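Just below is one structure, and these are the notes that go with it.
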Amino acid sequence: MEIIWYGHACFRLKDRNSTVVTDPFDKSLGLPLPRPKADIVTISHQSPHHNYIAGIKDDFKVIDGPGEYEIGGTFITGIRMISTKKSANGALPNNVFVFYMEDLAICHLGDLDQIPTQSQVEGMGSINVLMVPVGGKQALNAAQAAEVISLIEPDIVIPMHYQLPGITIDLDPVSKFLKEMGVTKAEPESVLKLTKSNLPEETQIVLLDPRT
């Protein structure tokens, strides 16, 4: 399977069965979204920077809540983790999604802004790839992200939701997270291609270049 990143919390996950796009954003974020095709679109929470389904091509199913789903041979588990942030309507919901694609478990944490409980971590199961926010503000900061990684113990970590050129919100740079993790050198990749057999023996940080 392969993973590409469009920036912020928006990824495309593609295997032989399905194409999944996570958290599409509208132009108010300041980044271009190249109108990708998808069979499935997941929404971590209802914000224009995470739920812009008008930016996606083709017929697709939208998943925007907790539960267990099977669509076109792809299994998805949605886990509701209420944000500590408050809006005018009360606590903000955040959906964490685990995708099961080609014998891999890929977890997208959405706008998670707190350390999950042990029972929540156990509910995710064993995770191969973790997409984790690291830019702070409305989501995990670098130190919190490092703590979450130590709890979940994934094979691969892809940082997301951090400062990029042109972005209209104030977030920390990814360098702060890399320093927290003790990573001195990380060359961004345009695409991450994965199989169960080529997973690293120890947790590896992978930076992706935003695809435009």
Karplus (6.51, -1.76, 1.60) ³J(HN,Hα), θ = phi - 60°, over segment 59-64, in Hz, Gly and Pro reported as x
7, 8, 8, 9, 10, 9
Label 7 Å along Cα→Cβ of T168; segment 48-68 residues with amide nitrogen under 11 Å?
48-49
Quick check: net charge around H161, other residues with Cβ under 11 Å of its Cβ, Lys/Arg +1 and Asp/Glu -1?
-3
Amide H contacts of I63 (H built 1.01 Å from N, under 5 Å, at least 5 apart or other chain)
V41, T42, I43
For the cross-link pairs K14/K185; K27/K193; K137/K196; K176/K196; K61/K176, which exceed 32 Å when the distance is taken from alpha carbon to alpha carbon?
K137/K196; K61/K176
Cut-off 14 Å between beta-carbons: net charge of the residues surrounding W5, Lys and Arg +1, Asp and Glu -1:
0
The chain - percent relative contact order, Cα under 8 Å, separation 6 or more
19
In order over segment 24-35: 3J(HN,Hα) from phi, Karplus 6.51/-1.76/1.60, θ = phi - 60°, whole Hz, x for each Gly or Pro, gives x, 10, 8, 5, 5, 6, x, 10, x, 10, x, 6
Show the residues, 5+ positions off or on another chain, whose built amide H is closer than 5 Å to the amide H of L109.
M131
Can you tally the net charge around L208? Count Lys and Arg as +1, Asp and Glu as -1, for every other residue whose Cβ sits under 13 Å from the Cβ of L208.
-1
In Hz, Karplus ³J(HN,Hα) per residue of segment 180-187 (6.51, -1.76, 1.60; θ = phi - 60°; x = Gly, Pro)
4, 8, x, 8, 8, 9, 8, 8
Segment 45-76 to segment 126-193: how many Å between their Cα centroids?
23
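None of the figures in this text is laboratory data; all of them are computed from the coordinates on show. Computed from a prediction, not measured in an experiment: that's the story for all the values here. Because the Cβ atoms are built from the backbone with ideal geometry, glycine has one as well, and the counts that use them run over all protein chains shown.
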